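The values are calculated or read from the model by the stated rules, or taken from the named source; none is laboratory data. Since this is a predicted model, take the numbers as computed values, not measurements. We place every Cβ from the backbone using ideal geometry, glycine too, and count neighbours over all the protein chains shown. Please note that ligands, DNA and RNA were not included when accessible areas were found on the heavy atoms of the full protein model with its side chains. Shrake-Rupley method; radii C 1.70, N 1.55, O 1.52, S 1.80 Å.
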Amino acid sequence: MYAGPAAAAAAAGPPRRDFISVTLGPEEAVGAGGYNNSKAWRRRSCWRKWKQLSRLQRSIILFLFAFLAVCGVISYTSMGEAWKSLTNKSLDDQRTEQEIPGVKLANPAVLPAPQKADANRGDYPELSPQKQPNPPHVRRGPSNLQIKAPQRDTRLKTRHSTLRAVGEPVQTDKREKTEKSVISWRGAVIEPDQNTEPPSSKIKEPEKPSSVETEDQKEPVPINERQLAVIEAFQHAWRGYKDFAWGHDELKPLSKSYSEWFGLGLTLIDALDTMWILGLKEEFEEARKWVANDLVFDKNVDVNLFESTIRILGGLLSTYHLSGDSLFLEKAKDIGNRLMPAFKTPSKIPYSDVNIGRGTAHPPRWTSDSTVAEVTSIQLEFRELSRLTGDEKFQKAVDEVMKHVHTLSGKNDGLVPMFINTNSGQFTHLGVYTLGARADSYYEYLLKQWIQGGKKENELLEDYMRAIEGVKKHLLQRSAPRKLTFIGELAHGHFSAKMDHLVCFLPGTLALGAHNGLEADHMKLAEALIETCYQMYAQVETGLSPEIVHFNLHAQKGHKDVEIKPADRHNLLRPETVESLFYMYRFTGDKKYQDWGWEILQNFNKYTRVPTGGYTSINNVQNPSNPEPRDKMESFFLGETLKYMFLLFSDDIDLINLDKYIFNTEAHPLPIWVPA
């Protein structure tokens, strides 16, 4: 019988097992790779585990480590900067307290006085520069506007103290900076003011101007008889507006009613800073209450971008700076935001009209063009709004316009056409050049933006200087028989001896440029042109200038230098000549400019004053017996004409000091930017 393998194994007995015993010493065990919890052993173990991971796993782990490292570096840098800033601020505060005990130096609304930039003033001995600012400890003016009108003398003293104080410098650390001189034009060296920080995109809450009392305050300059006459004229005009047009845009003094343009109280807003400057506190407080309670911009109404910017936005910003009342800044921010849709065009050249209630904008119905003057004469106001609010969108929008215009072709030695297309961004209607309507304030704002920004934006200065050379080359002529220097127009190569009254802004602008260090011959040209603007009044039967004149180029028996066409003989109570007279007197001290202004005021009173209140435009400056009143008082008569009259007759150069303020094209003073 056959037995299987299992049976055979059982018969053989239990299996044999062999063992080998090996004893290792400690050192030998380590050398053989045994575990003893040492650092070297752990490193080799980790490395083996790392090598066992897949490539994807190793990549993810490395990425996480790198990400954590970057986050750590960023966090460390941020905390370091914050700590450094806090430390520096603390040190600055300590230094300030040591220098000016008890004075808080937080005042973004009312700016310090600018550094003098015209270091080469000795090159222009014929100019009379503005006085140096008064010492710092001055009274900042009434922040509490609930003031009942005192007697006139007391009230006017308060006003003068206030206006000299607004914008006075507070003593801070002087820091030496080395900056390159700007070779502006034909070798004329212009030293730039200290740079200003660009507006931050972060909104900052503005502060009211602080009120600082001092014993060494400068005595107020007394009000003279001519200034009192301006105050009386303003009060007469205001009485008509208050009685018959309160809260509406413009007074119709003959019919004792009003006219509406935007329905936003244009005359009232335009006149706010004039009342403050004239010291009319009762009238100012009354108008302030209307602004607080009744001025509403949430209206389904189309407004002109340019007019609402220079009159409303400019008026509110100016009044905020003079009074320190944040109500006006809040209203300025409101209207500024509502005007921004105008810039939503393919070319960034803004539309002319904005619906401030709906937030839409459009060009005029008959064209897609905007006028060059309008799109380039809103910059002072929007730039200042950015500086005050910290919101850079306002300045960015208007700066883009200027940079675009700077690069455009179609100019003629710096002179620009009158129209620009909002779609293509190109000039249209080429070949026509004027310093009158539709182009005038483009040239004015080139210079004033340069001054406002601390004389740093060289493109603006270059464009201005080139344009003045273009004026001399193409538009400057002399009349007969008195050889009056005037500015004509150029149309497709043909010169026209036509000059708008609007062009009379130019003497003042030229004088302002010369005062800020530009060529001395600009002042000589200003003197010649202001004589011409005065003759546009003096050679007319009523002593009032027409809207447009034509000059005789050749002497003719029985003819004066000035010829007036029937369609051009109206007078709208315009300010341009009085504006330039103010600049000329402020910079030269020549009393004849005050006398010329006094003649103009007397003729306004004689031919345009309405007995029941207000002043009226007239249709015929050549007919003293019947000047044909038009029954309309433009808002700029209170906002500009009477304001410049009052400043012209003042001998106090600190009353809106031109080294601290720049006037917009509606006579609203805005601060010149300087480092805080």
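Key figures for this structure:
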read-out	value
The range 528-547, subset touching a helix residue (DSSP H, G or I) at 6+ places or on another chain (Cβ under 7 Å) and in contact (Cβ under 8 Å) with a residue 60 or more places away in the chain, residue most open to solvent (accessible area, probe 1.4 Å)	TYR534
Leading residue by the ranking (nearest to ASP568 (Cα to Cα)) among those in the range 605-628 that are out of contact with any Lys or Arg (no Cβ under 9 Å at 6 or more places or on another chain) and not in a loop (DSSP other than H, G, I, E, B)	TYR607
Matching entry among PHE328, PHE382 (being under 30 Å from LYS411 (Cβ atoms) and either at pLDDT 95 or above or open to solvent by 30 Å² or more (accessible area, probe 1.4 Å) (or both))	PHE382
Residues of the range 663-676 satisfying the condition of being modelled with pLDDT of 95 or more and out of contact with any Pro (no Cβ under 7 Å at 6 or more places or on another chain)	ASN664, THR665, GLU666, HIS668, PRO669, LEU670, PRO671, TRP673
Entirely in the range 231-347, the helices (runs of 4 or more DSSP H) that have 1 or more residues that are of a type outside the set (D, E, K, R) and touching a strand residue (DSSP E or B) at 6+ places or on another chain (Cβ under 7 Å)	266-278, 305-308, 314-323, 326-339
Residues being part of a helix (DSSP H, G or I), of a type in the set (Asp, Glu) and under 14 Å from the mean Cα position of the chain (by Cα) - total across the range 371-392	2
Hits in the range 587-606 - residues which are open to solvent by less than 20 Å² (accessible area, probe 1.4 Å) and either more than 10 Å from LEU648 (Cα to Cα) or in contact with a Ser or Thr (Cβ under 8 Å, 6 or more places away or on another chain) (or both)	PHE587, ILE600, LEU601, PHE604
Options ASP631, ASP651; residue that is assigned to a loop (DSSP other than H, G, I, E, B) and at pLDDT below 95	ASP651
